[in-house]
Amino acid sequence: MASPPKQARSLATEQKMLDAAEELLDHGDARQVTVENVVSLSGATVGSFYARFGSIEGLFDALHQRYVDNIYQSKLLEALNRGMEQPDLRKALHHITKTMLEFGNERRKLLAFFVTRNEGGDALAIRLLAVKSMHEILKVYRDEVAHKDLRRAAENTGRLIYAAWVGIILLEPSEFVGRKTSLSSVVETTTQMAYAYLITEK
């Protein structure tokens, strides 16, 4: 059997190192992500690491880009598309909120690292994507929205959902109010607040 082309092997090695860094972040913290640990876990070589990333910061930049390209945007796109298929505005909001908060809860450590890593730049980028998606949803359900300025309504609704998302990744849902609060309860409450805001005439 022929071996894969050099470029394909190089890309596969890069992905293995990114997978290793992600695993280290998910099960520990950023201090665990060292050249030695990444190389050991991925089966790559130190030379391969430096050839592809140059430094640990370069590795974090590449991992972040992978998340922006493949995770953040795909999750938002999935939520947007499925939201547009719902029969009414409330169900659309519930689907978007549920998708985003469940994703935040599943990948808490990794997302918390990115959100806090670059002085809020990543957080702003995610919020802008969320607002853009929300604006598309509000255009579909325009008849149910009491606000004339859909862009402003999308900004405020997106901000509300984003605040809950950040709360999920930085705090366990049970830590919100000092007693046990389920993720489903946070989803439902956030949906209710967003819906009430959108159908209330200003």
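The values are calculated or read from the model by the stated rules, or taken from the named source; none is laboratory data. Since this is a predicted model, take the numbers as computed values, not measurements. Because the Cβ atoms are built from the backbone with ideal geometry, glycine has one as well, and the counts that use them run over all protein chains shown. To get the accessible areas, we keep the full protein, side chains included, count just its heavy atoms, and leave off ligands, DNA and RNA. Shrake-Rupley method; radii C 1.70, N 1.55, O 1.52, S 1.80 Å.
Listing for the model above:
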{"quantity": "Yes/no for Arg90 being among the basic types (Lys, Arg) and in contact with a Phe, Trp or Tyr (Cβ under 8 Å, 6 or more places away or on another chain)", "calculated": "yes"}
{"quantity": "Some residue of segment 36-59 being under 30 Å from Gln192 (Cβ atoms) and part of a helix (DSSP H, G or I)", "calculated": "no"}
{"quantity": "Helices (runs of 4 or more DSSP H) within segment 73-180 that include 3 or more residues open to solvent by less than 20 Å² (accessible area, probe 1.4 Å) and modelled with pLDDT of 85 or more", "calculated": "89-106, 121-140, 150-170"}
{"quantity": "Qualifying residue in segment 11-19 (condition: in contact with a Pro (Cβ under 9 Å, 6 or more places away or on another chain) and open to solvent by 40 Å² or more (accessible area, probe 1.4 Å))", "calculated": "yes"}
{"quantity": "For Lys75: the one exception among (1) closer than 16 Å to Thr191 by Cβ; (2) touching a residue at least 24 places away in the same chain (Cβ under 8 Å)", "calculated": "(1)"}
{"quantity": "Single residue of segment 39-59 satisfying the filter (more than 16 Å from Glu22 (Cβ to Cβ) and among the small types (Gly, Ala, Ser)) that is least open to solvent (accessible area, probe 1.4 Å)", "calculated": "Ser48"}
{"quantity": "Pair list, Cβ under 7 Å, 6 or more apart: segment 145-161 residue of a type in the set (Ser, Thr, Tyr), other residue open to solvent by 20 Å² or more (accessible area, probe 1.4 Å)", "calculated": "Thr157/Tyr197"}
